[in-house]
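S.K.: For reference, the structure I am asking about is given below.
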Amino acid sequence: MSLRYRLILPLTLLLAAVMAYPLVFSAWISLHDYRLTRLYDVRFRGLDNYLYIFGDAPFLKAMTNTLMFVAGAVSLELVLGLGLALLLQRLVRFQNFARAVLLAPMFITPIAVGLMFRFMLSSELGVIPHYLRLMGLGVDWFSADLALFSLMLIDAWQWTPFMLLMFLAGLEALPRSPFEAAKVDGASPWMTFWHVTLPMLRPVILVALIIRALDAFKVFEYVYAITRGGPGDATEVILFHIYKTGFRFFRMGEAAAMAFILIAITLVLVVILYSAMQRK
Amino acid sequence: MAGVRLKDLSKSFGAVEVLKGIDLTVEPHEFAVLLGPSGCGKSTTLRMLAGLEPATAGEIWIGERNVTNLEPRERDIAMVFQNYALYPHMTIAQNMGFGLKARKLPAAEIAERVKTAAEMLGITDLLGRRPRELSGGQQQRVAIGRAIVREPSLFLFDEPLSNLDAKLRVEMRTELLQLHRSLDATTVYVTHDQEEAMTMADRIVVMNKGRIEQIGSPSEIYFRPASLMVAGFIGSPAMNFVDGTVSDGKVGTPIGAISAPSLPGDGTKVTIGFRPDDFYFPDDLPEEETAATLSFSVRFVELLGARGIVTMRAGDTDFKAIFEERFLHRFEEGATVPLSLARDRLHLFLKETGERVAPDAA
Ligand SMILES: Nc1ncnc2c1ncn2[C@@H]1O[C@H](COP(=O)(O)OP(=O)(O)OP(=O)(O)O)[C@@H](O)[C@H]1O
Ligand SMILES: [Mg+2]
């Protein structure tokens with residue numbers, strides 16, 4: 001064996017052990033009736049796990065919840081992030097300070113954010129419902145109707161800063177001259193935003209959207225820390241559903257199959273992301 | 001069409017004073033060129049005219065309106081930027097029509113005007129493309145097209161030809177001039193290329209270090225430069241200079257005494273300037289027209305074609321002279337050649353202030 005192969009051998013072995021083996025093993029599990037409670041009786045089921053999942057109401061509900069969460073949270077973050085970025089860019093004083101403060105939520109671990117909001121929004125103990133009650137508004141943030149929306153708000157609180165960061169960088173990288181041309185051309189601020197800023201920022205927006213969407217698909221911590229998928233199945237998102245199937249009900253075969261479906265969806269997004277970045 | 005008036009216009013960026021009191025009137029229909037070395041404030045002046053930079057002090061009038069505090073879109077101007085400043089994501093047609101769209105013209109009329117302008121500029125077949133698919137010269141035309149569809153009362157150009165190759169530049173110069181004639185709009189045009197200024201301008205405004213040095217027609221600027229700076233800046237190769245002191249109706253210089261008309265008083269320190277084409281062979285110039293006959297030792301000759309530039313030395317200064325090719329054999333390297341200067345071709349400046357003293361400014 002030549003030297004170069006010997007040099008990469010340790011890394012190859014390491015990667016095989018920590019990446020390839022689990023991946024192949026879980027693919028194998030996803031094709032079997034693999035229950036942690038019945039390890040003496042593992043049977044091959046072919047694609048039955050996959051077929052079963054697609055007809056399984058709880059899975060489809062979890063998928064719907066997740067898609068709604070992704071769409072809601074990410075569009076909220078997009079609008080807020082872009083708005084804040086445009087305002088911040090114009091800020092003359094305290095700009096660095098404002099940036100630092102606005103970016104802070106991003107650096108908190110999500111499980112802590114989940115716990116924090118669980119208390120702040122709790123209908124019995126929370127400060128926010130308390131003050132809303134003083135204003136005559138009784139809102140139960142974690143009721144069946146509102147819980148998923150509340151989770152979107154929490155996600156937006158934590159991840160809008162990411163969008164803000166991307167858009168600020170994007171805005172600063174834009175050439176100044178088209179904006180001066182727009183001024184001379186007599187465009188109103190609104191027209192300049194729609195016809196100059198937004199189209200020129202498009203590649204950045206696309207990339208930010210996809211990165212956030214990928215991340216939002218994996219939402220787990222808020223659900224785990226706050227609602228545990230409830231009330232009922234109102235906030236049961238896909239990752240939480242997989243977790244429950246695998247580690248509560250010990251049905252590893254199905255859980256693995258779901259995980260692979262999630263990977264497939266993610267991969268599609270990644271492919272779009274790459275082609276979007278290439279086009280830029 | 002509107003004229004332009006700048007009244008005591010000043011501009012500072014922080015503590016740096018970039019424009020120091022600019023007074024300028026541009027008549028309606030005039031093609032005025034701002035000319036000056038890099039960093040003298042030409043672009044700043046133009047950008048203030050456009051409303052892209054606020055004035056620190058002074059007033060800007062376009063036509064009968066004081067526009068000093070108006071937004072660009074209220075000034076009825078069109079500007080061609082040095083770097084074209086096209087909208088990268090729009091097609092050429094959209095680029096050209098954007099200003100009309102901002103003025104809420106009906107789409108049919110926009111299309112019509114864009115088409116007319118495109119035909120005029122010969123870019124009709126480019127209308128569907130995007131700026132990055134165009135060459136520099138084509139983008140240039142688009143930028144000009146975007147300005148002319150607007151039919152503004154004032155055109156502003158910021159070094160629009162500086163990115164083009166020499167041949168295209170000369171072609172575009174002619175096209176721009178024709179355009180100016182046919183549109184008959186008032187134009188303020190910035191360049192640091194003196195040839196461009198000389199060939200295009202009705203009037204040249206020479207700027208230096210944030211001030212106006214001289215305003216005049218191209219021939220006034222060339223034949224009667226108002227200051228040492230203008231004299232040295234205009235003309236290529238540059239004017240020759242020699243310092244001296246006035247005494248007895250002559251100027252005593254290190255290379256010999258030079259007589260000149262209308263001299264200031266004795267003892268005044270002056271700088272005499274004469275252009276490279278203003279050397280004569282002593283026999284060719286009548287006695288009474290001769291300011292001085294001096295000897296020069298030839299250093300080298302550069303042949304340009306029909307003419308050549310002779311670099312020669314007198315005292316410890318180099319002088320450049322231009323002669324037709326058939327005379328160049330007289331300038332062998334190392335030879336000493338007597339040459340005369342004509343009285344009516346001399347320019348006299350006060351050494352201290354650089355101000356022109358003789359012959360008087362026109
Ligand atoms: N935004 C700015 N902030 C600070 N200084 C500036 C700014 N814009 C221009 N200046 C300064 O103002 C002076 C004049 O600049 P300007 O761009 O008007 O020069 P110019 O005559 O157009 O030169 P060029 O021929 O190189 O384009 C320069 O010294 C420049 O450094
Ligand atoms: Mg400039």
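S.K.: Just for strands (runs of 3 or more DSSP E) wholly inside region B:1-103: which have at least 3 residues that are away from every other protein chain (no Cβ under 11 Å)?
M.R.: Answer list for region B:1-103: B:4-13, B:16-26, B:31-35, B:57-62.
Here's the yes/no breakdown for (1) open to solvent by less than 40 Å² (accessible area, probe 1.4 Å); (2) not polar (S, T, N, Q):
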| position | (1), (2) |
| --- | --- |
| A:91 | no, yes |
| A:96 | no, no |
| A:99 | no, yes |
| A:106 | yes, yes |
| A:118 | no, yes |
| A:125 | no, yes |
| A:128 | no, yes |
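S.K.: Counting only residues that are of a type outside the set (Val, Ile, Thr) and part of a loop (DSSP other than H, G, I, E, B), how many does region B:104-152 have?
M.R.: Result for region B:104-152: 13.
S.K.: Give me a count of the residues in region B:155-175 that are acidic (Asp, Glu) and not in a loop (DSSP other than H, G, I, E, B).
M.R.: Of the residues in that region, 3 qualify.
S.K.: Let me ask you something else. Run down A:172, A:180 and say which single residue is part of a helix (DSSP H, G or I), within 14 Å of chain B (Cβ to nearest Cβ) and among the acidic types (Asp, Glu).
M.R.: Answer to the check: A:180.
S.K.: Which numbered condition trips up residue A:191, out of (1) away from chain B (no Cβ under 14 Å); (2) surrounded by fewer than 18 Cβ atoms within 10 Å (Cβ to Cβ)?
M.R.: Answer for residue A:191: the failing condition is (1).
S.K.: Can I ask one more? Within region B:284-362, which strands (runs of 3 or more DSSP E) (wholly inside it) include 1 or more residues that are among the β-branched types (Val, Ile, Thr)?
M.R.: B:290-303, B:307-314, B:317-324, B:336-342, B:356-358
S.K.: Return yes or no: is residue B:125 of a type in the set (Asp, Glu), more than 16 Å from ligand 2 (Cβ to nearest atom) and out of contact with any Cys (no Cβ under 7 Å at 6 or more places or on another chain)?
M.R.: Answer is yes for this residue.
S.K.: For region B:14-25, state whether one or more residues are closer than 15 Å to residue B:155 by Cα, of a type outside the set (Ser, Thr, Tyr) and open to solvent by less than 50 Å² (accessible area, probe 1.4 Å).
M.R.: No, the conditions are met nowhere in region B:14-25.
S.K.: Are any residues in region B:1-44 more than 16 Å from ligand 2 (Cβ to nearest atom) and touching a helix residue (DSSP H, G or I) at 6+ places or on another chain (Cβ under 6 Å), and if so, which ones?
M.R.: The one that is more than 16 Å from ligand 2 (Cβ to nearest atom) and touching a helix residue (DSSP H, G or I) at 6+ places or on another chain (Cβ under 6 Å): B:31.
S.K.: Here's a follow-up. Answer yes if at least one residue in region B:246-264 is buried (at least 21 other Cβ atoms within 10 Å of the Cβ), hydrophobic (A, V, I, L, M, F, W, C), within 20 Å of residue B:323 (Cβ to Cβ) and touching a residue at least 40 places away in the same chain (Cβ under 8 Å), and no otherwise.
M.R.: No, region B:246-264 contains no residue that is buried (at least 21 other Cβ atoms within 10 Å of the Cβ), hydrophobic (A, V, I, L, M, F, W, C), within 20 Å of residue B:323 (Cβ to Cβ) and touching a residue at least 40 places away in the same chain (Cβ under 8 Å).
S.K.: What are the residues in region B:153-200 that are open to solvent by less than 60 Å² (accessible area, probe 1.4 Å), within 14 Å of ligand 2 (Cβ to nearest atom) and in contact with a helix residue (DSSP H, G or I) (Cβ under 6 Å, 6 or more places away or on another chain), if any?
M.R.: Matches in region B:153-200: B:156, B:158, B:161, B:190, B:191.
Yes/no matrix, rows are residues, columns are (1) modelled with pLDDT under 90; (2) hydroxyl-bearing (Ser, Thr, Tyr); (3) over 21 Å from residue B:232 (Cα atoms); (4) touching a strand residue (DSSP E or B) at 6+ places or on another chain (Cβ under 7 Å):
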{"position": "B:259", "(1), (2), (3), (4)": "yes, yes, yes, yes"}
{"position": "B:269", "(1), (2), (3), (4)": "no, no, no, yes"}
{"position": "B:272", "(1), (2), (3), (4)": "no, no, no, yes"}
{"position": "B:276", "(1), (2), (3), (4)": "no, no, no, yes"}
{"position": "B:289", "(1), (2), (3), (4)": "yes, no, yes, yes"}
{"position": "B:293", "(1), (2), (3), (4)": "no, yes, yes, yes"}
{"position": "B:307", "(1), (2), (3), (4)": "no, no, yes, yes"}
{"position": "B:312", "(1), (2), (3), (4)": "no, no, no, yes"}
{"position": "B:316", "(1), (2), (3), (4)": "yes, no, no, no"}
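S.K.: Here is a follow-up. Does residue B:113 satisfy the condition of being within 14 Å of chain A (Cβ to nearest Cβ) and of a type in the set (D, E, K, R)?
M.R.: yes
S.K.: Under 9 Å by Cβ, and 6 or more places apart or on different chains, what pairs join a residue from region A:76-95 that is modelled with pLDDT under 90 with one that is open to solvent by 80 Å² or more (accessible area, probe 1.4 Å)?
M.R.: As it stands, the answer is A:89/A:172, since those pairs meet every condition given.
S.K.: Here's another thing I want to ask about it. Between a residue in region B:70-98 that is under 14 Å from residue A:187 (Cβ atoms) and within 16 Å of ligand 1 (Cβ to nearest atom) and any residue that is of a type in the set (Ser, Thr, Tyr) and not in a loop (DSSP other than H, G, I, E, B), which pairs come within a Cβ distance under 6 Å, given they are 6 or more apart or on different chains?
M.R.: B:85/A:177
S.K.: Right, next: Scan B:54, B:72 and give me the residue that is in the same structural domain as residue B:194 (by the TED database), more than 13 Å from ligand 2 (Cβ to nearest atom) and open to solvent by less than 20 Å² (accessible area, probe 1.4 Å).
M.R.: B:72
S.K.: Taking region B:82-118, which residues are within 16 Å of ligand 2 (Cβ to nearest atom) and open to solvent by less than 10 Å² (accessible area, probe 1.4 Å)?
M.R.: Answer for region B:82-118, where residues must be within 16 Å of ligand 2 (Cβ to nearest atom) and open to solvent by less than 10 Å² (accessible area, probe 1.4 Å): just B:85.
S.K.: Another one. Of the conditions (1) surrounded by 20 or more Cβ atoms within 10 Å (Cβ to Cβ); (2) closer than 30 Å to residue B:157 by Cα, residue A:173 fails just one. Which one is it?
M.R.: For residue A:173, the exception is condition (1).
S.K.: Pick from region B:128-148 the residues that are more than 20 Å from residue B:179 (Cα to Cα) and away from chain A (no Cβ under 14 Å): which of them is least open to solvent (accessible area, probe 1.4 Å)?
M.R.: Checking each candidate, the answer is B:134.
S.K.: Are any residues in region A:217-236 within 19 Å of residue A:116 (Cβ to Cβ) and crowded, with 21+ Cβ neighbours inside 10 Å, and if so, which ones?
M.R.: The answer is A:219, A:222, A:223, A:226, A:227, A:235.
S.K.: Checking the structure you have, find out if any residue of region A:35-51 is touching a Gly at 6+ places or on another chain (Cβ under 6 Å), of a type outside the set (Phe, Trp, Tyr) and within 23 Å of residue A:239 (Cα to Cα).
M.R.: Within region A:35-51 (the criterion being touching a Gly at 6+ places or on another chain (Cβ under 6 Å), of a type outside the set (Phe, Trp, Tyr) and within 23 Å of residue A:239 (Cα to Cα)), the answer is yes, since at least one residue qualifies.
The values are calculated or read from the model by the stated rules, or taken from the named source; none is laboratory data. Here the structure is a predicted model, which means the values were calculated and not measured. All Cβ positions, glycine included, derive from the backbone under ideal geometry; neighbour counts span all protein chains shown. Quick note on the areas: whole protein, heavy atoms, side chains included, nothing else; ligands and nucleic acids left out. Shrake-Rupley method; radii C 1.70, N 1.55, O 1.52, S 1.80 Å.
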